[in-house]
Structures are given as C-alpha cells and as structure tokens.
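Working notes for the structure below.
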Amino acid sequence: MPVNIIQDGDGSPRVILSEPTGSTVEVLLFGGQVVSWKNEKREEMLFTSNKTLWKQAKAIRGGIPICFPQFANFGSLEQPGFARNRLWSLDSSPSPLPPVTNQSTVDLMLKSTEEDLKTWPHRFELRIRISLSAGKLTLIPRVRNTDNKAFSFTFALCNYLSVSDISEVRVEGLETLDYFDNLSQRERYTEQADAITFDGEIDRVYLSTPTKIAIIDHEKKRTYVLRKEGMPDAVVWNPWDKKAKALPDLGDEDYKQMLCVNSASIETPIVLKPFEEWKGRQELSTVSSSYCSGQLDPRKVLGFK
C-alpha cells in the first residue's frame with residue numbers, strides 16, 4: 001500500500017501510519033522525526049511542547065528527535081548534531097531490511113550534502129525504518145559509511161514520553177549502574193536508588209544499560225517498556241521548573257508532563273570503516289500497571305524469568 005503523505009498548511013510534509021486496532025503515528029520528513037504516537041484509545045503517548053512552532057526548518061521540541069552524528073555537546077558540532085535539522089526523503093530501497101507491503105511502516109533516508117561536509121567531512125547514508133503495530137512503535141536506525149575513510153559518531157533516539165505527573169513516575173532497570181551526571185561536569189557516579197524518581201532537574205547518561213527499561217506512570221497506571229539493541233547507553237532527562245522557563249520552546253509547566261528516556265550510544269563512539277553499516281533497534285510499548293502495596297514487580301514488567 002502507498003505511504004500516506006499529507007502536506008500541512010505550513011509546507012511541512014508528514015507521513016501518517018495507522019494499524020487495524022486504531023493506533024496511529026505521525027512522522028515529519030523534516031528531521032525524520034516521529035511527532036505523535038496515539039494508542040487505540042487515541043491517547044497520545046509522546047510529549048510535544050505547547051510552545052511548538054510547526055514550521056519547516058525548525059526542529060520540534062518533543063516526539064522522537066534523531067541525534068546524529070553527535071549527541072548533545074559530546075563533540076564539536078552543533079547540538080545535538082544536524083540530522084534533526086535536515087529534510088529527509090522516502091527510502092524506496094531499504095536493503096538489506098526485508099521489504100514491507102503494508103501502510104504501517106515507512107523507510108526514510110538522509111544523505112550527506114556538500115554543505116554538511118563543510119562541518120563534518122564524512123560521507124554517509126542515515127536510514128530509519130519506523131513501524132507501527134498494536135501497542136508498539138519500532139524504530140530501526142542504520143548508518144552506512146559511504147566514504148573512503150573511517151569515521152566515528154555518537155547517536156541517540158530522544159524519546160519524549162508523555163506522563164501524567166513527573167513526580168509520580170519511576171524508572172526501573174537502571175539500578176546499580178554507572179552514569180555521567182551532566183549537571184556535575186559529567187562526573188561519573190553509581191546509581192544507588194532501587195528506582196529513579198523525580199523531585200528536581202535530572203540529566204544523566206547511564207552506561208552499559210540493559211536491553212529493557214521500564215518507565216512506570218503511577219497515576220495513569222501505565223508502564224512504557226523501552227527495548228533497545230545496538231545502543232548501550234540510556235539518557236534520562238527532565239529540565240524541571242527553572243530550566244523549563246529558560247528554554248524558549250518549552251512551556252513553563254511542560255516539565256511536569258514529560259520525561260525523556262533515550263536510547264543512545266555515547267560513551268564509546270561507533271566507528272565505521274568504509275562501506276560498513278551500523279544498525280540499532282528500539283521498541284516502545286505500553287502495558288497497564290497494577291499495584292500491590294504501591295509496588296510493581298519490575299521482573300514482570302521487564303520480562304525477566
């Protein structure tokens with residue numbers, strides 16, 4: 001079936017994916033960015049700032065931005081890399097991934113331009129497959145080195161999750177792990193809590209993380225399950241009140257309804273030799289959470305035996 005592309009009034013083309021149970025995904029060609037994921041009840045799973053200006057050539061605060069070839073300021077390029085500020089194209093030949101024939105998958109591609117080569121002198125092809133199924137959103141990013149010399153890069157899928165109240169959210173699966181604290185000049189610490197809870201600004205890069213992380217929203221009785229491959233790190237970020245007021249594209253109270261838990265490869269940059277390809281994978285799904293004595297058994301949420 002053909003991909004459903006709509007042209008907004010402001011000229012920003014977007015792809016609409018849908019599946020039989022009624023869930024939908026919207027993807028902007030600008031930035032290759034998922035900006036909406038609604039479940040079968042039409043509830044929005046992703047956060048988008050209420051100060052968002054839906055204009056082409058402007059990255060959106062929310063959804064799932066793609067950070068490449070650099071995450072945040074872990075390098076000398078513009079933050080966080082330039083991929084989210086470029087117009088992507090439909091990828092008609094997503095080899096070697098198997099072809100798809102339904103409307104719930106779209107393949108997008110970004111190639112290096114002469115302008116990009118001035119700031120990052122490496123030729124590449126960045127592809128992403130976005131697939132929607134009942135209760136699950138899957139993203140498969142791939143980077144191919146089309147240059148005659150090796151290069152390295154860092155990468156992240158920044159998941160802005162919609163939550164009912166950040167102070168009622170906990171993240172499980174990152175206990176006992178080391179992390180870089182970006183609020184303390186990237187000093188390295190070890191997580192001591194049995195779950196991450198939120199009562200102030202947080203900006204951490206957790207290292208060598210498991211393939212599954214649970215984000216539990218007590219008020220909505222909903223748990224996001226993040227599964228990832230090829231991206232060993234995880235970024236946890238919430239700006240809290242002061243930083244939210246300082247960000248021009250974020251509402252003053254927006255921090256209460258959002259949490260970023262990102263799949264990333266940051267600590268050890270990915271190195272590609274000429275014509276090599278790197279592939280990652282991320283699956284976001286939701287399950288209903290039920291509680292006994294205020295505690296959820298993380299082994300069940302995370303699928304442990």
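Here are the numbers for this structure:
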read-out: For segment 202-277: rounded, prolate or oblate by the Cα gyration tensor [a/c cutoff 1.5]; value: oblate
read-out: Gain upon complete extension [Asp241, Asp165; 0.36 nm per residue less C-alpha separation]; value: 26.0 nm
read-out: For Met258, distant residues with modelled amide H under 5 Å away; value: Val163, Ile166
read-out: Highest-fluctuation residue, Lys243, Lys136, Lys38 considered, GNM on the chain with Cα pairs under 10 Å; value: Lys243
read-out: Cβ-based net charge around Asn238, under 11 Å, with every Lys or Arg adding one and every Asp or Glu removing one; value: -2
read-out: Size of electric dipole in the chain: Cβ of Lys, Arg +1 and of Asp, Glu -1, about Cα centre, debye, nearest 20; value: 680 debye
read-out: Cross-link pairs Lys149/Lys228; Lys111/Lys256; Lys221/Lys245; Lys212/Lys245; Lys149/Lys279 - those with Cα-Cα distance over 25 Å; value: Lys149/Lys228; Lys111/Lys256; Lys221/Lys245; Lys212/Lys245
read-out: Ratio of Rg to Rh over segment 168-213 (Cα coordinates, Kirkwood Rh, two decimals); value: 0.94
read-out: Gaussian network model of the chain, Cα within-10 Å springs - most flexible of Pro98, Pro269, Pro248; value: Pro98
read-out: Relative contact order (%) - criterion: Cα under 8 Å, at least six apart; region: the chain; value: 17 percent
read-out: Whole-Hz couplings from phi, Karplus 6.51/-1.76/1.60, listed for segment 34-43; x for Gly and Pro; value: 5, 10, 7, 9, 10, 7, 5, 8, 6, 8
read-out: J(HN,Hα) series, segment 83-92, from Karplus relation 6.51 cos²θ - 1.76 cosθ + 1.60, nearest Hz, glycine and proline x; value: 4, 6, 10, 10, 7, 8, 10, 5, 9, 7
read-out: Potential extension, Asn148-Thr119 segment - 0.36 nm per residue separation minus Cα distance; value: 8.7 nm
read-out: The chain - percent of accessible surface contributed by carbon and sulfur, probe 1.4 Å; value: 49 percent
read-out: Convex hull volume per residue in cubic angstrom - Cα atoms of the chain; value: 143 Å³
read-out: Mean ellipticity per residue at 222 nm, deg cm²/dmol - from DSSP H runs of n ≥ 4 across the chain, formula -39500 (n - 2.57); value: -1000 deg cm²/dmol
read-out: Residues Glu191 and Arg42, FRET efficiency given R0 of 30 Å [Cβ-Cβ distance, rounded to 0.05]; value: 0.25
read-out: Whole-number accessible area per residue in Å² for segment 165-206, which is evaluated in the context of all protein chains at 1.4 Å; value: 50 Å²
read-out: Residue with peak Gaussian network fluctuation, the chain [Cα springs, cutoff 10 Å], from Pro65, Pro96, Pro20; value: Pro96
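The values are calculated or read from the model by the stated rules, or taken from the named source; none is laboratory data. What you see is a predicted model; the values in this text were computed from it and never measured. Every residue, glycine as well, gets a Cβ built from its backbone with ideal geometry; the counts of neighbours run over all protein chains shown. Quick note on the areas: whole protein, heavy atoms, side chains included, nothing else; ligands and nucleic acids left out. Shrake-Rupley method; radii C 1.70, N 1.55, O 1.52, S 1.80 Å.
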